[in-house]
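Here's the structure, in structure tokens; my notes come after.
Every number in this text was worked out from the coordinates using simple rules, so none of it is lab data. Computed from a predicted model, the values in this text were never measured in an experiment. Because the Cβ atoms are built from the backbone with ideal geometry, glycine has one as well, and the counts that use them run over all protein chains shown.
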Amino acid sequence: MHAQQVSPTAWYVQGVSELGSPANQNFISNAGFVVTPAGVVLIDALGSPALAKRLVAEIKKVTPLPITHVLVTHYHADHIYGLQVFKDMGAKIVAHRAALIYLNSDTARLRMEASREQLAPWIDENTRLLAPDAWIDADQDLLLGGVLFQARTVGPAHTPEDLAFYMPSEKVLFAGDLVFRSRIPFVGQADSRHWITALDQLLAFDAGVIVPGHGPLSKDARHDMQQTREYLVYLRTTMSRAAEAMEPFDEAYKNTDWSQFAHLPLFRLANRMNAYNTYLLMEHEAK
Ligand SMILES: [Zn+2]
């Protein structure tokens, strides 16, 4: 793990393009941080307490100031299992209220149980889910340590509680998992129609740099948002055509030309599932 500078006061650490495993300590997502005059504002908490501690060490190389806030882009395991480390250091956790759905869900409980087995010893019985200290319900401007962060409620897209944070003073956009770079997005149960709308909302910002939820930062913000957008539109177009024609999924998948995305990492792992979920979603939307 190595903190890379994004702008005069912003930094990030970049997770690997892999699935979470004991070997990578679940370091498969990014976290960003901004050094304000009053302390460090963190964006996302990484995927295990051990990683969070390594991030604290990276931050200490940059500034002696305390970590005052953690802004959570969404409650997926790889972005939140490190939260307890920062909370124990006195940081305030900020997230969208829709995270309550996840926090109270069987999905969250089962995921934690599974992670304790699959990601041992990095996730264990001491790893806990933490609710936010402050809730965001709507688009909101946050002044943290004198620095403006524009919180944008861009869900439900990747998750119901998606938030993006824009720092206009340095034109840095922390996009969470709304923007994937250099890998196939994990679409899961996402509402791709609203995800596309949300990307349009982010395209309206004059962002110079994007720190995405996964993959390297983007200095070509517009292009990368457009790429994620294109992938989602392509999934929806091809799968809705198939669903409408009542073409069975296996056939539809085989008959679809995936060549423009096939070179991206995780294509083999994620694309078929993304297509399948989109196929089901298209059937559902058609009803
Ligand atoms: Zn993620």
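With only alpha-carbon pairs counted, each pair once and no self-pairs, how large is the Kirkwood hydrodynamic radius of the stretch 22-117 in angstroms?
13.7 Å
Just want the ordering: Val209, Val34, from fewest to most Cβ atoms lying within 10 Å of their own Cβ.
Val209, Val34
Based on the alpha-carbon gyration tensor of the stretch 71-163 and its eigenvalue square roots a ≥ b ≥ c, which shape applies: rounded if a/c is under 1.5, prolate if not and a/b is larger than b/c, or oblate?
Cα axes put the stretch 71-163 in the oblate bin.
Just rank Ser240, Ser192, Ser48, fewest to most, by other beta-carbon atoms within 10 angstrom.
Arranged by neighbour count, lowest to highest, Ser240, Ser192, Ser48 become Ser240, Ser192, Ser48.
Pulled fully out, how much extra length does the chain show between Arg193 and Ser169, if you take 0.36 nm times their separation in residues and subtract their Cα-Cα distance?
Between Arg193 and Ser169, full extension yields 5.6 nm more.
Mind checking the dipole of the chain: about its Cα centre, +1 per Lys or Arg Cβ, -1 per Asp or Glu Cβ, Debye to the nearest 20?
For the chain, the charge dipole is close to 600 debye.
Going through the stretch 100-129, which GluC sites (Glu not before Pro) have at most 12 other Cβ atoms within 10 Å and a DSSP loop state?
Sites meeting the loop and neighbour criteria: Glu125.
To make sure I understand, if each residue's beta carbon is the centre and we count other beta carbons within 10 Å, what order do Leu232, Leu142 fall in, fewest to most?
Ranked by crowding around the Cβ, least crowded first: Leu142, Leu232.
Expressed as cubic angstrom per residue, what is the convex hull volume of the alpha carbon set of the chain?
Looking at the chain, the number lands at 125 Å³ per residue.
Taking 25 Å as R0, compute the FRET efficiency from the Cβ-Cβ separation of Asn104 and Glu244 and round it to 0.05.
0.10
Around Val179, which amide H atoms from residues at least 5 apart in sequence, or from another chain, sit under 5 Å from its own amide H, with H modelled in the peptide plane?
Sorted by chain and number, the residues that satisfy this are Gly213.
Once you treat every alpha carbon in the stretch 150-248 as an equal point and sum by Debye, what is log10 I(q)/I(0) at q = 0.14, 0.18, 0.20, 0.25 Å⁻¹?
Treating every Cα as an identical point scatterer, log10 I(q)/I(0) equals -0.49, -0.76, -0.92, -1.35.
To the nearest 10 degrees, how steep is helix 221-244 against the longest Cα principal axis of the chain, on a 0 to 90 scale?
That works out to roughly 30 degrees.
Would you pull out the residues with amide H under 5 Å of Val70's amide H, same chain only if 5 or more places away, H placed 1.01 Å from N?
Distant-sequence amide H within range of Val70: Leu42, Lys92, Ile93, Val94.
Calculate how many DSSP beta bridges within the chain are antiparallel, expressed in % of all such bridges and rounded to the nearest 5.
Percent antiparallel among DSSP bridges in the chain is about 60.
Tell me, how many Å apart are the Cα centres for the stretch 22-39 and for the stretch 230-272?
So the two Cα centres are separated by 33 Å.
Suppose R0 equals 30 Å; then what is the FRET efficiency for Glu285 and Ala23 from their Cβ-Cβ distance, rounded to the nearest 0.05?
Here the calculated transfer efficiency is 0.15.
Simple spin-label model, 7 Å along Cα-to-Cβ: Arg272 to Met1 in nm?
That separation, rounded to one decimal, is 3.4 nm.
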